[in-house]
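**Student:** Please see the structure below; I have some questions.
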Amino acid sequence: MTSIAIVGAGPQLGLAIARTFGSQGYDVALISRNHAKLDDLVGTLTAEGITAAAFPADVLDRDTLTQALKDAAARFGGIDVLEYSPVGTFGITALTAPSGTEPSHVEFEMNFQLYGAIAATKAVLPAMREAGTGTLLYTTGAGSIWPDPRVANVNAAAAALRNWAMNLHKELADTGIQAAHVGIDASIGVSVLPDVEAARPEQISPMYWELHTTRRDEDELVFKLDTEGFPRG
């Protein structure tokens with residue numbers, strides 16, 4: 001039996017990744033803080049013939065997040081793939097320019113992005129080491145690679161997560177476990193920043209399958225749209 005746990009699951013990229021893996025026979029564990037939205041996603045996937053279950057947890061609550069992943073592993077007989085991509089609520093999450101950034105602005109994003117990813121990884125990695133196989137995928141915006149001063153605090157934490165994920169890839173070399181960063185140089189669904197194009201989530205999700213299956217030696221893939229709006233990565 002194979003399974004994927006999606007931390008930060010939502011109706012855009014999370015659902016697309018769930019469909020990509022679910023269509024290949026993977027069971028899907030959906031983790032986010034909104035129970036009602038998770039139930040909707042489970043209903044959608046179930047109607048499509050994909051086995052899915054909801055495990056509500058807030059990535060800022062390390063104990064609850066760890067327990068959700070343990071519960072998912074118990075439900076599905078283990079977690080073969082971890083995908084980490086929580087997104088802050090637009091309009092509530094502070095977006096700051098470099099000179100306007102306070103330590104608290106970065107502290108929140110570090111908790112949300114880096115520290116949550118570390119906690120999630122520690123919950124699933126020991127079993128992957130014992131099995132000698134597994135995949136760990138971490139998603140950020142492309143500001144982790146090419147900084148955008150409009151979202152400097154978010155970029156700082158995203159860059160930290162990217163660095164940590166790529167170091168993890170090096171540490172896990174030759175263990176059978178793949179760790180990689182996915183950078184998305186686009187908005188997802190709708191454009192939220194001027195001059196940042198929107199991509200459909202189903203254009204992005206195949207990259208995760210590629211990293212899990214045919215590109216396991218790579219520590220990073222970056223999604224970009226070409227001048228005609230077609231994906232390349």
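**Student:** Have a look at ALA16, ALA9, ALA36, ALA74 and point out the one that is under 20 Å from GLN113 (Cα atoms) and either assigned to a helix (DSSP H, G or I) or open to solvent by less than 20 Å² (accessible area, probe 1.4 Å) (or both).
**Tutor:** After ruling out the rest, the residue left standing is ALA9.
**Student:** Which is open to solvent by less than 70 Å² (accessible area, probe 1.4 Å), of a type in the set (Ser, Thr, Tyr) and over 17 Å from THR135 (Cβ atoms), of THR64, THR46, THR2?
**Tutor:** THR64
**Student:** Filter the stretch 207-230 for residues that are open to solvent by 60 Å² or more (accessible area, probe 1.4 Å), at pLDDT below 75 and touching a strand residue (DSSP E or B) at 6+ places or on another chain (Cβ under 8 Å) and give the result.
**Tutor:** Of everything in the stretch 207-230, nothing turns out to be open to solvent by 60 Å² or more (accessible area, probe 1.4 Å), at pLDDT below 75 and touching a strand residue (DSSP E or B) at 6+ places or on another chain (Cβ under 8 Å).
**Student:** Continuing with the same structure: Spot the failing condition for THR44; the list is (1) within 21 Å of TYR138 (Cβ to Cβ); (2) touching a helix residue (DSSP H, G or I) at 6+ places or on another chain (Cβ under 8 Å); (3) of a type in the set (Ser, Thr, Tyr), and only one is missed.
**Tutor:** Unmet condition: (1).
**Student:** Only one of (1) within 16 Å of PHE21 (Cβ to Cβ); (2) modelled with pLDDT of 95 or more fails for ILE204. Which number is that?
**Tutor:** (2)
**Student:** Kindly provide the set of residues from the stretch 77-94 that are surrounded by 15 or more Cβ atoms within 10 Å (Cβ to Cβ) and over 17 Å from the mean Cα position of the chain (by Cα), ordered by number.
**Tutor:** Once the filter is applied, which keeps residues that are surrounded by 15 or more Cβ atoms within 10 Å (Cβ to Cβ) and over 17 Å from the mean Cα position of the chain (by Cα), the stretch 77-94 yields GLY78, THR93, ALA94.
**Student:** (1) surrounded by fewer than 19 Cβ atoms within 10 Å (Cβ to Cβ); (2) small (Gly, Ala, Ser); (3) closer than 27 Å to ASP219 by Cβ: which one isn't true of ALA97, the others all being true?
**Tutor:** If we test ALA97 against (1) surrounded by fewer than 19 Cβ atoms within 10 Å (Cβ to Cβ); (2) small (Gly, Ala, Ser); (3) closer than 27 Å to ASP219 by Cβ, just (3) comes out false.
**Student:** Here is a follow-up. If ASN167 passes every condition in (1) modelled with pLDDT under 95; (2) open to solvent by 40 Å² or more (accessible area, probe 1.4 Å) but one, which one does it miss?
**Tutor:** If we test ASN167 against (1) modelled with pLDDT under 95; (2) open to solvent by 40 Å² or more (accessible area, probe 1.4 Å), just (1) comes out false.
**Student:** Hey, any hits in the stretch 88-101 for a residue that's aliphatic (A, V, I, L, M) and touching a residue at least 60 places away in the same chain (Cβ under 8 Å)?
**Tutor:** Within the stretch 88-101, not a single residue is aliphatic (A, V, I, L, M) and touching a residue at least 60 places away in the same chain (Cβ under 8 Å).
**Student:** Report, ordered by the first and then the second residue, all pairs with beta carbons closer than 8 Å, sequence separation of six or more or different chains, a first member in the stretch 68-79 that is acidic (Asp, Glu), and a second member that is not in a helix (DSSP H, G or I).
**Tutor:** Final answer for the pair search is ASP71/PHE55.
**Student:** Could you tell me whether the stretch 54-61 includes any residue that is open to solvent by 20 Å² or more (accessible area, probe 1.4 Å) and part of a helix (DSSP H, G or I)?
**Tutor:** No: zero hits.
**Student:** List, please: which pairs have Cβ atoms under 9 Å, are six or more places apart or on different chains, and start with a residue in the stretch 3-21 that is in contact (Cβ under 8 Å) with a residue 60 or more places away in the chain and under 12 Å from PRO201 (Cα atoms) and end with one that is basic (Lys, Arg) and part of a helix (DSSP H, G or I)?
**Tutor:** Partner pairs satisfying both residue conditions: GLY10/LYS37.
**Student:** Taking THR44 and the conditions (1) touching a strand residue (DSSP E or B) at 6+ places or on another chain (Cβ under 6 Å); (2) of a type in the set (Ser, Thr, Tyr); (3) farther than 28 Å from ARG216 by Cα, which numbered condition does it fall short on, given that it satisfies the others?
**Tutor:** Every condition holds for THR44 apart from (1).
**Student:** Please find, within the stretch 124-150, the residue that is most open to solvent (accessible area, probe 1.4 Å) out of those that are of a type in the set (Gly, Ala, Ser) and within 20 Å of the chain's Cα centre (by Cα).
**Tutor:** Selected residue: ALA127.
**Student:** Can you pull out the residues in the stretch 124-178 that are in a loop (DSSP other than H, G, I, E, B), over 30 Å from THR101 (Cα atoms) and in contact with a strand residue (DSSP E or B) (Cβ under 6 Å, 6 or more places away or on another chain)?
**Tutor:** Result: LEU172, single match.
The values are calculated or read from the model by the stated rules, or taken from the named source; none is laboratory data. Being a predicted model, the structure only gives us computed values, none of them experimental. Positions of Cβ are backbone-derived with ideal geometry, glycine not excepted, and every protein chain shown enters the neighbour counts. Quick note on the areas: whole protein, heavy atoms, side chains included, nothing else; ligands and nucleic acids left out. Shrake-Rupley method; radii C 1.70, N 1.55, O 1.52, S 1.80 Å.
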